[in-house]
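First comes the structure, then the notes that go with it.
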Amino acid sequence: MKISKSKDYKKPLYALGAAAVLVAASLTGCHSGVELEGETQTADSDDRDTSTSIVELEGVAETAASESIVENEETADPTASEESKVDCSETEDELELEGGVALAD
Amino acid sequence: MNLTLHLTDNCNMDCGYCIREKCPKDMSEDVLYRACDLAFSKGDRAGLCFFGGEPLLKKDLIYKALDYCEEKSRDTGIRFDCKMTTNGSLLDEEFLKRAAKARMKIGLSFDGTAQDICRVFKGGAPTSEVVEEKAKLLLKYMPDSAALATIAPQAVPYYSESVRYLHRLGFKDISVVIAYGEKVNWTDKDLEALRVQLQDTCSYLKEIFLEGRRLHVGPICSKIKECIRDKNPSERCHLGVRQMPVDPKGDLYPCTSFIGDERYLLGNVFDGIDRERVKEIAGRSSIPSTCTGCDLIKRCTNSCGCANRMNTGDENKVSPLQCTYERMLIEVSDALGEELYRIDPQRFAKLFC
């Protein structure tokens, strides 16, 4: 076990391809290109496409909100960074389930 | 705003990796109602996550909180969300009916086939049989419930098998975290074994993908989703910014692992939040200096103050364990992502976007 900096990392192809789908969905405001909401539910009870489509749209907005914090962290002015951070009474984040990593929704 | 309510410090289990000090300290009704008021005090959402100790030892408080908050929600128009993390041993139909009515999302702490290695009742009796039955009951009422597994070094050989077992039981949302803190001792050999287990879990996820079914395994699928969305996984932390824990006395802290440390006290439910203190502590969180210049800086949990504090004693100092685990996880998850994307880009986008 050691702390080691990774170098020459490139964003994976899957992320680039799938991100394009996300951008298209956010620009059009619908799921063109990928039939999320309209997909026929199969008899298989494991398939949760309809509910997931709603979650995914929320996820896009959440990402945008999160990004602003990332950028603030990187700003050269630490005071600006501090001021821009808000406490939980001022955010509209999803309630987190304690004790786990990010779950499907 | 979102709060995590530590309804009690007591627990009926004695898990080997648990870092919480158990004591018979329960939240009073006064604190409970003040906490509910605080959750509704700002914003257009009020969220409560019932936590402990074991929250179901205080079912009465949960019922009272649900009644109170649902009424407040009706009166104010503020949306109310609730969740609970429980060891499951005290779940019953009456509670599940009430929880379902409140649309509560329940996370069941269940280590799968490794359950009896670390998760035992007080006195040492195994818990797996009881919790398996309760898991079935939970899924009957709430089929979308999540399983939350914690992997200690001695449970690593059961990682992949546990994911399969939990999925067979009916969980489609499984979070697996590795145990941190002074009660566990990870070695290089454990991490090598963990890599094999992660890869085997990816093989299972591929099987599920090819069958056209859906399964979310916390760390692996989350890494893929976060990469697509350019989302930094440690942002959910930010010490008190996202969600504030309330201890049984009503004191507020930035994260559950900081409870009891007066240096991180952010106020209490009676006097309110010390907003300057929140800003000061959130502002203190920074990317560990050892991570500067690392290409994976935005893909790993290097700035999770909770994990860092448990491993190094300093919220801004990452541990060799965390760094090694995160690099491994990203590598394994990306390999799975590439493979699934090549197989069927459309289906991949549907699942992960």
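The values are calculated or read from the model by the stated rules, or taken from the named source; none is laboratory data. Not measured: the values here are computed from a predicted model. Every residue, glycine as well, gets a Cβ built from its backbone with ideal geometry; the counts of neighbours run over all protein chains shown. Areas reflect the complete protein model, heavy atoms only, side chains present, ligands, DNA and RNA absent. Shrake-Rupley method; radii C 1.70, N 1.55, O 1.52, S 1.80 Å.
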The range B:26-46: which residues show an accessible-area loss of 40 Å² or more, assembly versus chain alone, 1.4 Å probe?
B:Lys42, B:Arg45
Amide H neighbours of B:Ile178 under 5 Å, counting only residues 5+ apart in sequence or on other chains, H built in-plane at 1.01 Å?
B:Ile151
For B:Gly47, which sequence-distant residues (separation of 5 or more, or a different chain) have an amide H within less than 5 Å of its own amide H, given hydrogens modelled in the peptide plane?
B:Asn2, B:Leu3, B:Asp81
Which residues belonging to the range B:68-115 lose at least 50 Å² of 1.4 Å-probe accessible area when the assembly is complete, relative to their chain isolated?
B:Lys83
Would you be so kind as to identify which of B:Gly124, B:Met84, B:Asn12 lies farthest towards the positive end of the dipole of chain B, taking Lys and Arg as +1 and Asp and Glu as -1 on Cβ and the Cα centre as origin?
B:Met84
Note the buried accessible area between B and A here, summed over both chains, with a 1.4 Å probe, in Å² to the nearest 100.
7100 Å²
Please report, in debye to the nearest 20, how large the charge dipole of the range B:208-353 is about its Cα centre when each Lys and Arg carries +1 at its beta carbon and each Asp and Glu carries -1 there.
420 debye
How much accessible area per residue does the range B:61-118 have, counting only protein heavy atoms and a probe of 1.4 Å, in square angstrom?
40 Å²
Compute the length gained on full extension between B:Gln346 and B:Met328: take 0.36 nm times their separation in residues and subtract their Cα-Cα distance, giving the result in nm to one decimal.
3.8 nm
Under 14 Å from a point placed 7 Å out from the Cα of A:Lys2 along the Cα-to-Cβ direction: which residues of the range B:177-204 have their backbone N that close?
B:188
If you plug each phi of the range B:157-171 into the Karplus form 6.51 cos²θ - 1.76 cosθ + 1.60 with θ = phi - 60°, what whole-Hz ³J(HN,Hα) values come out, in order, with x for Gly and Pro?
x, 9, 4, 5, 4, 5, 4, 4, 4, 5, 5, 4, 5, x, 6
Given R₀ = 41 Å, FRET efficiency for B:Asp60-B:Asp271 by Cβ-Cβ distance, to 0.05?
0.95
Taking the range B:62-152, which trypsin sites (Lys or Arg not before Pro) meet the DSSP loop condition and have no more than 16 other C-beta atoms within 10 Å?
B:Arg103, B:Lys122
How much of the accessible area of the range B:201-283, in percent, comes from carbon and sulfur atoms when a 1.4 Å probe is used?
43 percent
Counting each DSSP H run of 4 or more residues in chain B as -39500 (n - 2.57), what helix-only mean residue ellipticity at 222 nm follows after dividing by all residues, to the nearest 500 deg cm²/dmol?
-13500 deg cm²/dmol
Cβ-defined net charge surrounding B:Cys18, 10 Å radius [Lys, Arg +1; Asp, Glu -1]:
+2
Quote the FRET efficiency, to the nearest 0.05, computed for B:Glu94 versus B:Lys42 with a Förster distance R0 of 22 Å and r equal to the Cβ-Cβ distance.
0.10
One would report the antiparallel percent of DSSP beta bridges in the range B:2-286, rounded to the nearest 5, as 20 percent
Only Cα pairs under 8 Å and at least 6 apart count here; give the relative contact order of chain B as a rounded whole percent.
16 percent
Could you state the number of Å between the C-alpha centres of the range B:107-121 and the range B:208-222?
22 Å
Relative contact order of the range B:278-353: what whole-number percent is it, with Cα pairs under 8 angstrom and at least 6 residues apart?
21 percent
All alpha-carbon distances of the range B:174-265, grouped into 10 Å bins from 0, give the whole-percent distribution 13, 29, 32, 21, 6, 0
